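Quick notes on the structure that follows.
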Amino acid sequence: MCDTCGCNVTPGNRDLAEGRQATQVLGSLLKVNDHQASHNRVHFNGHGVLSVNLMSSPGAGKTALLEATAELLDGDLRIGVIEGDLETENDADRIRACGVPVVQICTGTACHLDAHMVHDALHELDLGSLDVLFVENVGNLVCPASFDLGQHHNVALLSTPEGDDKPAKYPVMFRSADLVLLTKRDLAPYMPEFDATKAANYVRQLGNAAPILEVSSKTGGGLGDWTDWLRRGVTELRTNLAVPSASLGS
Amino acid sequence: MHELAICQALIDQVTTVARSNGAQRVSNITLDVGPLSGVVPELLANAFTVAAAGTLAEAAGLTINPAPVRVWCKSCQAESDAKVNRLVCAACGDWRTVLRSGDELLLRSVVLEEVDPAPTLQDSEEKRHV
């Protein structure tokens, strides 16, 4: 009888009876990107390559840092670069001129790199001949912070002319940083309003204990600490992965 | 503008859930979005209209639950509310905190329509419509 008149459909089961179903998912919205990022990380780990995602606003000195780093590490750590820009190969050309293997990704209008773009670029690089792979993200203090690329470390650059309060203005980016580089410190005498202690405090207020280094790619100031950080990173990664020392970079 | 890329990923995920449950349409999508996820709910809602066009989530409503920013203090073990750019302990002021909530970017649930009903209900459904 109940089946005839429909009274077996109660408020509790009406949705089911009408073909409606509430389904719990509880998954990250970026699941597909995160999956690809994990895959990229497997690639990096498989070759014992430390991957570093460089993020900053446009013009904070990412490319200049890489040029100076290539010169400083010459014959020490072998580096490669994936360059992300909306347009042009200009940055890739600068890095290539340093004798460093580089793949340029032109994102068109996209404001960030994602794990799939990085994976495509990896096909053009010989990871076996590298110790450190830098991904120079699109210059942008907002969007790149939301996308895992499979990197081991995030490095955020904050240049002297930008002002010391950028970490408070862009908390998502600076909270994600494993290292903060205060760049263009050769300009410090001309810009005393940039207070490095204040910049550091803003980073700490994000609950971030990341080391903060003051550097100048132009004068080379502070770059020794930066390359030491990279060397430690490679050593720690390979210790964790227990890669036989015979396969370490020469 | 990365909200559009995130919405496209959302639509892919929702479509997969709908198909695997035998549903023809999606009428509602519920997300948890924290301010430290880097995603702006208003922009996400605008991008959703574009990303959902022509998909089985085209007519779906989007419910975005804003997640509160909460931190846990390593020093005094207190949990407190915090601001996005001041994630310090409200009890003792220490900055050595752990984020407990606020960076969520989560697909919580979907409401599916025209789902192939379970056999017993299907039976009663058919009778109901006789």
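Brief remarks follow.
- Charge context of A:C111, other residues only, Cβ under 14 angstrom, K/R +1, D/E -1: -4
- Computed FRET value (nearest 0.05) for A:A242 with A:S38, which takes r as the C-beta separation and R₀ as 30 Å: 0.95
- Surface share of carbon and sulfur [accessible, 1.4 angstrom probe, percent] for the protein assembly as shown: 52
- Taking all protein chains as shown and a probe of 1.4 angstrom, B:E58 keeps an accessible surface of around 120 Å².
- Shielding by other protein chains, B:32-40, mean Cβ within 10 Å: 4
- Buried accessible surface for the B/A pair, both sides summed and rounded to the nearest 100, is 3500 Å² with a 1.4 Å probe.
- Selection among A:V118, A:S51, A:N90 by position relative to the dipole of region A:47-137 gives A:S51 as farthest towards the positive end (Cβ unit charges, Cα centre).
- Between region A:71-109 and region A:124-203, the C-alpha centres lie 17 angstrom from each other.
- Cα shape, chain A, gyration tensor, a/c 1.5 rule: prolate
- Cα-projected label distance for A:D120 with A:M191, points at 7 Å along beta-carbon direction, nm: 3.4
- As a length-normalised measure over Cα pairs under 8 Å and 6 or more apart, the relative contact order of chain B settles at 32 percent.
- Rolling a 1.4 Å probe across the protein heavy atoms gives region A:87-127 an accessible surface of 49 Å² per residue.
- Projected label distance in nm at B:E79 and B:E42, using a 7 Å step from Cα toward the beta-carbon: 3.1
- For chain A, relative contact order (Cα pairs under 8 Å, six or more residues apart, normalised by length) works out to 23 percent.
The values are calculated or read from the model by the stated rules, or taken from the named source; none is laboratory data. All figures in this text were calculated on a predicted structure; none of them were measured in a lab. Here Cβ is always computed from backbone atoms with ideal geometry, including for glycine, and neighbour counts include all displayed protein chains. Each accessible area value is taken on the protein alone, full model and side chains, heavy atoms only, with ligands, DNA and RNA left out. Shrake-Rupley method; radii C 1.70, N 1.55, O 1.52, S 1.80 Å.
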